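Enquirer: Below you will find the structure I want to go over with you.
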Amino acid sequence: MSKFAATVALAATLLSGAAAAEPAKPTIVFVHGAFADSSSWNGVITRLHKDGYRAVAVANPLRGVSHDARRVSDVVDSIEGPVVLVGHSYGGQVISNAAKGHDNVKSLVYVAAFAPDTGEAAAELAGRFPGGTLGEALAAPVKLAGGGVDLYIDQTKFRDQFAHDVPAEATALMAAGQRPITEAALTEKSGDPAWKALPSYFVYGDGDKNIPAKALGFMAERAGSKRTVVVEGASHVVMVSQPQVVADLIEEAAR
């Protein structure tokens, strides 16, 4: 072998060894909340893709905490390597329960999200603090054939309630395509939450009308948040209006 060929071979070996030594980036698993869908993460995912992260946005059924957590748990089971779970709104309660028993889940990110303790429900937590106006913005409940009701936000009140810092044209589409949640899901009590064992990160807007900012701050402090970002004036869909802020926090959690 010539001296040049030997040098090239050595360099290739060193480079391949360095690549093998570099740990794989976590897969980011997103769980949307009530009145939203997986597309609400599009702006955040676009930024994460540019930075080399793989993302999976789960279609959260919004039927009940235990049911929805099992669905997310199944997705996590299918992923090799480390995972960061990201939840919005009610999705925060879902990831708190879904992460249990998964050694590959390395951290949790709560985006304007519930982080209940054992035995707490989303509706109870939101009502514990002043400032929320969701009840006043709901449309007439839709009765389900199997019992119970689905809840929607009145489309005429959607932007002001849910996404006041998002352009009107976009919120009109969000309102028309909103995913309903069962009333039972909002009143179902949480199991033992994963934030007691995993590092957690929080981001929310102080203009949130679905979950009062004081409630979000309380949950972040109680969970021992590694970093809490409060976006001045931001609505409940801070991931839509401020995707870079949310992406930056997720990448911090992933590192």
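Laboratory data are not the source of any read-out in this text; all were calculated from the coordinates shown. Just so it is clear, the structure is predicted and the values come from calculations on it, not from any experiment. Reconstructed Cβ throughout: ideal geometry from the backbone, glycine too, with neighbour counts over all protein chains shown.
Enquirer: Within the range 78-98, how many residues turn out to be in contact (Cβ under 8 Å) with a residue 40 or more places away in the chain, polar (S, T, N, Q) and surrounded by fewer than 24 Cβ atoms within 10 Å (Cβ to Cβ)?
Expert: 1
Enquirer: Something else about it: Looking only at the range 181-223, which residues are of a type outside the set (Ser, Thr, Tyr), in contact with a strand residue (DSSP E or B) (Cβ under 8 Å, 6 or more places away or on another chain), surrounded by 18 or more Cβ atoms within 10 Å (Cβ to Cβ) and more than 27 Å from Lys106 (Cβ to Cβ)?
Expert: Scanning the range 181-223 gives Ile181, Leu186, Ala213.
Enquirer: Keeping to the range 109-148, report how many residues are charged (D, E, K, R) and without any contact (Cβ under 8 Å) to a residue 60 or more places away in the chain.
Expert: Step one: filter the range 109-148 for residues charged (D, E, K, R), giving 117, 120, 124, 128, 136, 143.
Going one step further and asking which of them are without any contact (Cβ under 8 Å) to a residue 60 or more places away in the chain, we end up with 136, 143.
Total meeting the criteria: 2.
Enquirer: Restricting to helices (runs of 4 or more DSSP H) lying wholly in the range 146-255: which have 1 or more residues that are among the hydroxyl-bearing types (Ser, Thr, Tyr) and under 15 Å from the mean Cα position of the chain (by Cα)?
Expert: 238-241
Enquirer: Count, please, the residues in the range 67-102 that happen to be assigned to a helix (DSSP H, G or I), aliphatic (A, V, I, L, M) and touching a strand residue (DSSP E or B) at 6+ places or on another chain (Cβ under 8 Å). Outline the logic, then answer.
Expert: Let us first name the residues in the range 67-102 that are assigned to a helix (DSSP H, G or I), namely 67-77, 90-98.
Still in the running and aliphatic (A, V, I, L, M): 69, 72, 75-76, 94-95, 98.
Now restrict to residues that are touching a strand residue (DSSP E or B) at 6+ places or on another chain (Cβ under 8 Å): 72, 75-76, 94-95, 98.
Here the count works out to 6.
Enquirer: Cβ-Cβ below 7 Å, separation at least six or inter-chain, first residue in the range 43-54 and of a type in the set (Asp, Glu), second assigned to a helix (DSSP H, G or I): which pairs?
Expert: Once the first residue is of a type in the set (Asp, Glu) and sits in the range 43-54, its partners that are assigned to a helix (DSSP H, G or I) give Asp51/Glu251.
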